[in-house]
Structures are given as structure tokens and as C-alpha cells.
Amino acid sequence: MAKFPGVFIVDQDPDARYQIEQMVPETGFVVCGQSGLGTEAVAQATDAQPDMIMCGLKEPLTRVTRTIESLRHALPDTPVVVYSESADLDLVRKAMLAGARDFLQAPVKIDDLRKSLSAALEAEERRHLFQNDGALLAARGAIITVFGAKGGVGKTTLSANLAVAFATVAGQACVLVDADDSFGDAAASLGLEPEHTVFDAMRELDDEAADLDNYLTFHKSGLAVAAAPADPLEWHGVDPERFGRLLDRLARQFDIVLVDTSGTLGEVSQAALDASSVVLWLTTPDYASIRDSLQAIEAAARLGIDGDRVRLVLNEVTRELEVRPEAVEEALGQTIYWSVPHDRLLRRAGQLGEAVVETHPQSRAAGSIGNLARALSGVPVERTSKPGLMSRFLNGKRKDAPGPAAPVAEEVSA
């Protein structure tokens, strides 16, 4: 069963704790404990090991800020969101200096609470991603594999658009590797006619001085593409170890190596999954896709593919949801990392050999995919709604000033 993020509530007022406790489950989080201030809060929160902490700001303020500082010391990886009936900027500043991640004005609204908790959790997850896998600006780039256990889930469409978004939106040097050993068409989906394929690049691996750029096709966005062969039979007998070496070689040249795979756990897909620091596991909210994903996730675990590297991505290819996102999480035992909204422009662009992130950058799908590229690159995610009071304070903006793009969490609420 999926683990829903736990929130620990700290407030000297039991009635205020109760009010927040009633609201949290409506945001997709669960309450894992609550307490008053001081050592009681630190001890109980340490035992509960929450994903998030919410703390009420009330007088005496010094005791609250000391509690926040102690909580941040005891649980340095756990974000703290504070709330208060007062919106005084000096209060916000003191909460920020104590270690708070965001500020909500009471009475807290459900939507504001959901966005704040999700955005703070996503920021912390992104920080862990770079700590565990190595920052994308390190000497070796990140290898990210897009995998889907069923045809028709939009895997190649997402891969192509995400690759262009890495290059244009996130400003990363990116290469898209088409490892679909059936009928790979990543290059065609971007309107490219490659002269060379991934096999040409693999033949040059033994020569460290060889310039692999000569075997890549470049998109107008600056994205490099290692195209699949026109004849899928060429994949027969390919050495998966050699393919893994190719990915490693490309990771020494590019910030991002994005791999599009087939819908099966064949040797090529396994090699890509083994080499990846992050696996974007794509599914659609229909029973067949979820069933196939569950079987594939279990098979991948038996093959030794670490589930901690898997990020579940829900692609809403139609307007009608057969299965609610919460049921998808429960069935697959994974929290949805990202949700790509239904957008007819996404499929239409692919049919024309274009990337929607370039042709219709203001579309829903383009915004979502662009933010996914930002999140995976460590680039600040834009907001589509007004930022919280703390964000406005940090940016030196007026309360009514427009703010930057929706946090990742907004894409997750399907």
C-alpha cells in the first residue's frame, strides 16, 4: 500500500491542533502525531518521524521559534510549515530565520494547505534526489529512463517533450536516447530524419577519442538525439553491457541522458533501468495499464532494480479517469510523483513532428512537462498561482504582486 506523507502538528493551543488535524486528511496527507511546544514536541516528533511538521505561531513567540529550531536540529530533513492569524512581516522573518519553509495565514484554507505541504515536500525530495544521485551539474550527468509497461501510455511523446524541455526550459545539455527495441520513433516525433543511429555510436565506444556528436542528430532546440535504427531486428543480439557503456559515456558529455524504452523488460530496457539514477515509471489511469505496471514493478524488483529510484508519473491521456489517482497509488504501492494533464495539443504536436513545449508553451501539458524538467534539474519550479506570504517576503514583492509557476505538487493533484 502507498505510504501517504505524514504531518506532525505542533501548537500550544489544543483547539488549533484539532482544527489542523481535521483539515490535513483532505490534502492527501495524514496526521502522524501532535503535541505542544518545547521538548515534548521534539521528543514526539522524533519518534513519529514525520514527512512534514506544521507549527502554530503564537505568543510567547520566542518559545515557538526555539521549538522550530530544535525540531530542525533533530529532524534536519523534515520541512516545517508555520501558520498564524497574524501576517506581520517581522513575524514571518523570525519564523524563516528559525527554519520554517513556508507561512500560511490562519484561518488556513484547504487549497492553501495542500499547495504549501506539497510544495515543501517536493522541494525536500528534490534536495534528497541530488544528494543521493549526485547533482546534475556534477562531472557525470544524470541518466533518467522513461519506462511504461504498456503500449499507448504516451511514453515516447512524454520522452520527446521532456527532452526538449530539459534543453529549453531547464537549460540543460540533454541527449535523448531511443532505446525502444521494437519500433523506436523518438526522432520522428520531433520531425527529425537522422543519418546515424544509436548503433553507430556504440561501434565507436572503444575509441575514447571518438566524438559521439558525429553520430547524434540535433534538434533546433539544441537537444541531441541518438536515434533508434529503422530496422528493429538490429536490436537482436545487442550487448546490454555495451549499451550501458554508451549511456555512461554520454553521461560524461551531457547534463541529462534521457532514455526512451520499449514497453517490455527486455535486455535493453533492463540495461537502461540499471544505469539510471531516476526511473520515470509512466502509467495511465486505466485498469489495463495499472495491472501491467504492477506486474512490471514486481518483476523489476526481482531483477534487482531499486524501487527508491522509481518516480511514478500519471499520464492523463483522456479526459475520463477510469481509476482515481489515490487508487493508482494504493494499487502500485507508489506515491504519484507527477501528473501530466490531458491536453489534446500534446498528441497533435507529436503527430506533426513537433514538441508542444515549443509550439504551445502556454498549454497545460507544456507547463506540466516544463515544470517536471525544472524539478528534475534542480531549477526552481514556476508557480501558476500566487505564492505564500513567505515567498513574497523572500522575493521582496508586494502582497498583490504576481508570482512565479505552480509548484510540482499542483501537477500531482489530478
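Take Phe243 and tell me if it is of a type in the set (Phe, Trp, Tyr), in the same structural domain as Lys155 (by TED's automatic domain parsing), in a helix (DSSP H, G or I) and modelled with pLDDT of 80 or more. For Phe243, the condition - of a type in the set (Phe, Trp, Tyr), in the same structural domain as Lys155 (by TED's automatic domain parsing), in a helix (DSSP H, G or I) and modelled with pLDDT of 80 or more - is met. When residues in segment 22-45 are screened for being in a loop (DSSP other than H, G, I, E, B) and free of Cβ contacts under 8 Å to residues at least 12 places away in the same chain, 0 of them pass.
A quick yes/no check of all residues on (1) out of contact with any Phe, Trp or Tyr (no Cβ under 8 Å at 6 or more places or on another chain); (2) among the small types (Gly, Ala, Ser):
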position	(1), (2)
Asp13	yes, no
Ile20	no, no
Gly28	no, yes
Leu37	yes, no
Pro50	no, no
Thr62	yes, no
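Of Val357, Val379, all but one fail to be closer than 23 Å to Asp102 by Cα, at pLDDT 65 or above and under 18 Å from the mean Cα position of the chain (by Cα); the exception is Val379. Reported count of residues in segment 154-209, each being within 17 Å of Ser262 (Cα to Cα) and touching a Phe, Trp or Tyr at 6+ places or on another chain (Cβ under 6 Å), is 1.
Inspect all residues belonging to segment 183-191 and state whether any of them is out of contact with any Asp or Glu (no Cβ under 9 Å at 6 or more places or on another chain), surrounded by fewer than 24 Cβ atoms within 10 Å (Cβ to Cβ) and over 18 Å from Arg347 (Cβ atoms). Looking for residues that are out of contact with any Asp or Glu (no Cβ under 9 Å at 6 or more places or on another chain), surrounded by fewer than 24 Cβ atoms within 10 Å (Cβ to Cβ) and over 18 Å from Arg347 (Cβ atoms), one finds none in segment 183-191, hence no.
Looking only at residues in segment 252-262 that are part of a loop (DSSP other than H, G, I, E, B) and surrounded by 19 or more Cβ atoms within 10 Å (Cβ to Cβ), the one that is nearest to the chain's Cα centre (by Cα) is Asp255. Residues that are under 22 Å from Arg374 (Cβ atoms), among the polar types (S, T, N, Q) and in the same structural domain as Ile143 (by TED's automatic domain parsing): does segment 256-268 have at least one? Within segment 256-268, none of the residues are under 22 Å from Arg374 (Cβ atoms), among the polar types (S, T, N, Q) and in the same structural domain as Ile143 (by TED's automatic domain parsing).
Contact annotation: residue pairs with Cβ atoms under 6 Å, 6 or more positions apart or on different chains, pairing a residue in segment 9-21 that is at pLDDT 90 or above and surrounded by 13 or more Cβ atoms within 10 Å (Cβ to Cβ) with a partner that is part of a helix (DSSP H, G or I) and among the hydrophobic types (A, V, I, L, M, F, W, C), are Ile9/Ile20; Val10/Ala41. For segment 279-325, filtering for residues that are surrounded by fewer than 14 Cβ atoms within 10 Å (Cβ to Cβ), at pLDDT 75 or above and of a type in the set (S, T, N, Q) leaves 1. Here segment 176-234 is the region considered, the condition is being polar (S, T, N, Q) and part of a loop (DSSP other than H, G, I, E, B), and the residue that is modelled with the lowest pLDDT is Ser182.
Cβ separations smaller than 7 Å between residues 6+ apart or across chains give the following pairs from segment 59-88 residues that are touching a residue at least 60 places away in the same chain (Cβ under 8 Å) to residues that are part of a helix (DSSP H, G or I) and among the hydrophobic types (A, V, I, L, M, F, W, C): Leu71/Ala41; Leu71/Val42; Leu71/Ala45; Ala87/Leu389.
The rows are residues; the columns are (1) under 30 Å from Arg245 (Cβ atoms); (2) touching a residue at least 40 places away in the same chain (Cβ under 8 Å).
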residue	(1), (2)
Ser276	yes, yes
Leu280	yes, yes
Pro285	no, yes
Ile290	no, yes
Leu303	yes, no
Tyr337	yes, yes
Arg347	no, yes
His360	no, no
Ile369	yes, yes
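The values are calculated or read from the model by the stated rules, or taken from the named source; none is laboratory data. As the structure is a computational prediction, the values presented were derived from the model and not from experiment. FYI the Cβ positions are ideal-geometry reconstructions off the backbone, even for glycines, and counts take in every protein chain you see.
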